[in-house]
1. Would you please name the residue that is surrounded by the most Cβ atoms within 10 Å (Cβ to Cβ), looking only at residues in region 54-90 that are among the small types (G, A, S) and farther than 11 Å from P17 by Cα?
2. Across region 45-83, what is the total count of residues that are in a helix (DSSP H, G or I), within 18 Å of P11 (Cβ to Cβ) and aliphatic (A, V, I, L, M)?
3. For region 335-412, which fully contained helices (runs of 4 or more DSSP H) count at least 2 residues that are modelled with pLDDT of 80 or more and buried (at least 20 other Cβ atoms within 10 Å of the Cβ)?
4. Wholly within region 247-329, which helices (runs of 4 or more DSSP H) include no fewer than the required count, namely at least 3 residues that are at pLDDT below 80, basic (K, R) and closer than 28 Å to G234 by Cα?
5. Could you tell me which of the residues L169, L205 is hydrophobic (A, V, I, L, M, F, W, C), at pLDDT below 90, part of a helix (DSSP H, G or I) and closer than 19 Å to W304 by Cα?
6. Name every residue in region 135-160 that is over 24 Å from T86 (Cα atoms) and surrounded by fewer than 19 Cβ atoms within 10 Å (Cβ to Cβ), in order of residue number.
7. Please find, among A94, A132, the residue that is loosely packed, with under 15 Cβ neighbours inside 10 Å, part of a helix (DSSP H, G or I), modelled with pLDDT of 85 or more and hydrophobic (A, V, I, L, M, F, W, C).
8. Looking only at region 133-151, which residues are in contact with a Leu (Cβ under 6 Å, 6 or more places away or on another chain) and without any contact (Cβ under 8 Å) to a residue 60 or more places away in the chain?
Amino acid sequence: MRPDPQTLIPPRVVIPPVAVALIAEPLAWGLLAWPGVLDGAAWYGRSGLLVAVHLITVGTLMMAIVGLGWQLVPVVTAQAPPPGWTRLAAVCDALILMGGAGLMLGLGWPQALGALGALGAAGLIFGLVLRAAGVLWALSRAKGRRVTRLWLLFAELSGLAGLTLGALLYSGRAGLWFVLPPVVGIAHHAALLLLGWVGGWMLGLGGLLLPMFSLSAEPRPWPWALAATAWFVGLALGVPAVWAIGAALAALTLLLSLSRRARRGVDPGVWGAALGLVALLGLAVVSLGWGPRPEAVALALGLWALPFLRGVALKILPFLLEVHLFVGQLQRAPTAKALTGERLPRLSMALSILAGLGVSLVLLGAPVAVGRIGAALGLLGAALHIVLLTRAAARGWLAVVKRRALPGLEAT
């Protein structure tokens, strides 16, 4: 597929959040592997664990969606970005990155840097709300791809609700005021942001881009729309059974779509996404008995979100390199297999799954050593992910410099 030049935006607004996303994950796993961070049963309010959790959720998952979203929203809407899109992206990036850094410092050292943490949280929330306004504006101008836009619309609304709960939780932790029991508030805050905002974006974009770059049919509209409705209604009402129906339907619908792809063989991107979808299907069954408990959210993070995000990223990577690097330089764009290979992506995803499982087992009462071993595996998996993406970008750049193709190229 040839990219439309009108949909391109400068890489300078995409790269900073994505770079932070890559750096934050190994920092989080390293912190979780540190002695004392996972120790003890009373985990709420413990600074080390809060910082690690927010490094993965805010630093990795959210920053990846923020960065890639600036470029992918014009692709989804199939039209030029709205006026001022790049300036909006630059302002939001600055607010989100600086606010996120302040929030981490405030969570880590609440006594000494509590004021900085509150200021950072305010900046982060304001940046994300401003970004949501821009995204909703862009989606409202689009035509076609209604179900994809439905996923993204619901995701943004869920994110706004999750940010509101997050502000209440931080206010309560600072001793200002509190309206919800901490564990209840944390569970719904995490569910709305991780499953609602992050999950909605990953499935919304994945349902469009995975079939597009795998030469398979898009998910059937009615089951895909029904899955989105059940997914977000279940989260909004706090009814695990409704969310589980949406999760199971989403996983089955997208797996069926990927099974009909024209290009067969082992593809690292499809493999990772399919692995995440299978885990999501299992999580839908488990959540029927758990509800939005922290253990369920931790399992969702390690077993579904990280592998699925990496799988989608490996399918998007050749496209992003093509639109910003290969156009006018190479007649054929590299596949993900040519850029990253096969073994490193699969190993990286497997390690992240083991890491999420280990940390979740600690929350369920397993020995702390299990979680620390899992966190060490997660650190290794995140480091491998950085290596393979850096190598992919370097191989693409060298291909352009030498004006010659890489092994395993495909027509675009």
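The values are calculated or read from the model by the stated rules, or taken from the named source; none is laboratory data. Not measured: the values here are computed from a predicted model. Here the Cβ positions follow ideal geometry from the backbone for every residue, glycine too, while neighbour counts run over all protein chains shown.
1. Per the criteria, the residue is A80.
2. Summing the residues that are in a helix (DSSP H, G or I), within 18 Å of P11 (Cβ to Cβ) and aliphatic (A, V, I, L, M) in region 45-83 gives 8.
3. In region 335-412, 343-363, 368-402 are the helices (runs of 4 or more DSSP H) which contain 2 or more residues that are modelled with pLDDT of 80 or more and buried (at least 20 other Cβ atoms within 10 Å of the Cβ).
4. Where helices (runs of 4 or more DSSP H) fall fully within region 247-329, none carries at least 3 residues being at pLDDT below 80, basic (K, R) and closer than 28 Å to G234 by Cα.
5. L205
6. Of everything in region 135-160, just one residue is over 24 Å from T86 (Cα atoms) and surrounded by fewer than 19 Cβ atoms within 10 Å (Cβ to Cβ), namely R146.
7. Being loosely packed, with under 15 Cβ neighbours inside 10 Å, part of a helix (DSSP H, G or I), modelled with pLDDT of 85 or more and hydrophobic (A, V, I, L, M, F, W, C) holds for just one of A94, A132, which is A94.
8. G134 - this is the single residue of region 133-151 that is in contact with a Leu (Cβ under 6 Å, 6 or more places away or on another chain) and without any contact (Cβ under 8 Å) to a residue 60 or more places away in the chain.
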